[in-house]
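The values are calculated or read from the model by the stated rules, or taken from the named source; none is laboratory data. Please read all numbers here as calculations on a predicted model, not as lab measurements. Because the Cβ atoms are built from the backbone with ideal geometry, glycine has one as well, and the counts that use them run over all protein chains shown. Just so you know, the surface numbers come from the protein's heavy atoms only, side chains and all, with ligands and any DNA or RNA stripped out. Shrake-Rupley method; radii C 1.70, N 1.55, O 1.52, S 1.80 Å.
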Amino acid sequence: MAHKSPDPDLFYSLYTGIFKPQMIRLAIQIDLFSMLDDDPLSCPELAEACQCHPQGLQSLLDYLVAVQLLNCIQGKYSNTPTSAAFLNRRRKSFAGDWFMVETSPAVWDGFLQALRYGQPAYPIIPFEQDAWLESYRTPRLESSLEMWHAAGIDPMLNIPIRILDIACGCGIKSFALLQTNPSARVVCIDRPEVLDVSTCLAGRMGVRTRSSFRKGDLSTISLGSSEFNAALLGQITYYLTPDQNLELFDRIFTALLPGGLLLIDAAMRMEQPEEASSMIDFLTWASSGGGAYPFDAYKRWLLASGYQMVEQIGSTWLKAVK
Ligand SMILES: C[S@@+](CC[C@H](N)C(=O)[O-])C[C@H]1O[C@@H](n2cnc3c(N)ncnc32)[C@H](O)[C@@H]1O
């Protein structure tokens with residue numbers, strides 16, 4: 001709704017959200033959470049370990065308790081389960097670099113350059129750390145089953161089905177289906193460091209023996225010919241340019257069996273501007289020349305690659321049949 005007078009509260013709300021990530025950046029930069037890997041420590045002990053001034057550190061510690069990244073019992077601080085898993089550098093599941101990249105002034109300067117000159121910034125993104133985070137998001141199990149169901153693959157049916165999950169990340173979307181259909185198998189493709197995460201999650205979810213892993217770049221790796229009943233492109237097409245998508249859709253067409261299904265999960269631009277998809281549209285364009293393409297663009301590209309029955313089956317899901 002258009003306001004008729006200036007709104008200072010709107011102005012404050014536009015920038016104050018930045019304070020929280022900046023405070024957490026400071027804690028990551030002094031490696032605070034890694035210092036709490038063993039025993040709880042007091043503020044003076046942490047000040048020494050992190051080489052900080054105790055007075056400033058005391059305020060930061062209080063803030064981190066308030067935002068649930070630290071516990072404090074009788075003046076001794078310890079990590080919460082979230083900071084222990086994702087902000088302690090000594091854990092495999094450390095995701096602090098992901099946090100630093102997403103909030104990095106240098107990365108946002110790169111986006112400014114992209115905005116001025118139209119060249120993507122190509123920041124180095126530690127996708128394996130995002131995969132660790134995603135591998136702990138259990139609500140995604142249910143939404144993944146909903147996605148397969150909407151695509152016409154009933155997760156409850158015990159039928160042999162071979163899936164190709166390209167840019168699989170932690171793999172949770174395919175593993176959810178493998179858990180409910182004991183005859184389903186998946187081939188996961190991603191970068192080697194990300195496949196460490198998906199291999200680990202396949203073990204945790206009890207589907208390791210029906211999952212195989214191929215490391216490589218999706219633009220060059222062989223996808224085979226007439227091998228798969230379904231292929232999944234989850235949250236990857238918006239990082240790719242239109243030409244890269246077209247080329248990938250062609251190769252997936254060859255990899256699918258006749259009647260096979262391509263399922264795409266991606267934010268799509270709406271007719272009316274909307275906060276989440278327009279932000280993804282800008283960020284993916286500025287980082288790699290991609291975009292939150294509208295359904296009509298996908299439909300055009302997929303029909304050009306020979307697919308039929310291209311249908312939008314959810315706000316972020318679409319399917320096409322070979
Ligand atoms: C946002 S994650 C999506 C993960 C998963 N498919 C999902 O839907 O949650 C994007 C994934 O694409 C992978 N990726 C990006 N570019 C790639 C490339 N050129 N080759 C292989 N994997 C790539 C990243 O490593 C990352 O795991």
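In table form, for the structure just shown:
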quantity: Flag if residue 203 is open to solvent by 10 Å² or more (accessible area, probe 1.4 Å) and more than 24 Å from residue 322 (Cα to Cα); calculated: yes
quantity: Sole residue being in contact with an Asp or Glu (Cβ under 7 Å, 6 or more places away or on another chain), outside any strand (DSSP E or B) and not acidic (Asp, Glu), chosen from 292, 267, 286; calculated: 292
quantity: Candidates 15, 63 - the one that is hydroxyl-bearing (Ser, Thr, Tyr) and more than 20 Å from residue 108 (Cβ to Cβ); calculated: 63
quantity: Subset tally (residues that are open to solvent by less than 50 Å² (accessible area, probe 1.4 Å) and free of Cβ contacts under 8 Å to residues at least 40 places away in the same chain) for the range 33-52; calculated: 8
quantity: Close pairs (6 angstrom Cβ cut-off, 6 or more residues apart or separate chains): on the phi < 0 side of the Ramachandran plot in the range 176-199, more than 11 Å from the ligand (Cβ to nearest atom) and of a type in the set (Lys, Arg) anywhere; calculated: 178/210; 185/162; 185/210
quantity: Test: residue in the range 182-190 that is more than 18 Å from residue 260 (Cβ to Cβ) and within 12 Å of the ligand (Cβ to nearest atom); calculated: yes
quantity: Of the criteria (1) at pLDDT 95 or above; (2) open to solvent by less than 60 Å² (accessible area, probe 1.4 Å); (3) small (Gly, Ala, Ser), which one residue 59 fails; calculated: (2)
quantity: Matching residues, the range 161-176, being in contact with a Lys or Arg (Cβ under 8 Å, 6 or more places away or on another chain) and not β-branched (Val, Ile, Thr); calculated: 162, 165, 173, 176
quantity: Output for the range 237-249, where each listed residue is among the hydrophobic types (A, V, I, L, M, F, W, C) and either away from the ligand (no atom under 16 Å from the Cβ) or surrounded by fewer than 21 Cβ atoms within 10 Å (Cβ to Cβ) (or both); calculated: 246
quantity: Residue satisfying all of: in the range 213-229; near the ligand (Cβ under 8 Å from one of its atoms) and in contact with a Leu (Cβ under 9 Å, 6 or more places away or on another chain); most open to solvent (accessible area, probe 1.4 Å) among these; calculated: 219
quantity: Test for residue 162: is it surrounded by 15 or more Cβ atoms within 10 Å (Cβ to Cβ) and within 15 Å of the ligand (Cβ to nearest atom); calculated: no
quantity: Single unsatisfied condition, residue 168 versus (1) buried (at least 17 other Cβ atoms within 10 Å of the Cβ); (2) out of contact with any Asp or Glu (no Cβ under 7 Å at 6 or more places or on another chain); calculated: (2)
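Residues are listed down the side, and each one gets a yes or a no for (1) in the same structural domain as residue 76 (by TED's automatic domain parsing); (2) within 17 Å of residue 89 (Cβ to Cβ):
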| residue | (1), (2) |
| --- | --- |
| 4 | no, no |
| 18 | yes, no |
| 27 | yes, yes |
| 35 | yes, yes |
| 38 | yes, yes |
